[in-house]
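Inspection log for the structure reproduced underneath, given as structure tokens.
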Amino acid sequence: MNKPLKQPVSVLVVLHDGQNRILLIERAANPGFWQSVTGSIEMGEMPQQTALREVWEETGIRLSEQVLNDWQQTNVYEIYHHWRHRYPEGITHNTEHVFSACIPADTPVCLNPDEHAAYQWLPAEAAAEKVFSPSNRQAILDLHKHR
């Protein structure tokens, strides 16, 4: 069965411990591709609902709405060519809503093995260097502005 096509609207959620450390997860299908929590908005969802759902699905961490910090910021970027088949024909750009949440570093992480292979906590500067997405890199570097 084919997966439904994605909407070109997504969320990025930077999880941090309040001590300058960022939780990164590695994509299972793309070893070496590290990122914060990301995901596409599903039909009928608001960005905040998507952010909470994606954190739960990707890390097993259930955030409350009060912990989620909506930056009221969007990034528009070109979708990589090798991922465009996931979107309706002719879609070339995605709008990403940015969020963050402060969680204790000892919060249990339970990855979805279909999506992610590993996780690690890194100092913000190292995490910014490790992520493959320019918008994720910038969000990590800007985190101090949104606490």
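A few points about this structure:
- Rounded to the nearest 20 debye, dipole of region 9-145 from Cβ charges on Lys, Arg, Asp, Glu: 200
- Estimated translational D of the chain in µm²/s (Stokes, Kirkwood radius over Cα pairs; 37 °C; 0.692 mPa s): 213
- Crossing angle, helix 47-59 versus the chain [Cα axis fit, 0-90 degrees, rounded to tens]: 70
- Low-density loop positions, GluC sites (Glu not before Pro), region 49-147 - DSSP coil, at most 11 other Cβ in 10 Å: Glu65, Glu89
Read the figures in this text as sums done on the coordinates, not as results from a lab. On a predicted model such as this, the values are computed, not experimentally measured, just so you know. Reconstructed Cβ throughout: ideal geometry from the backbone, glycine too, with neighbour counts over all protein chains shown.
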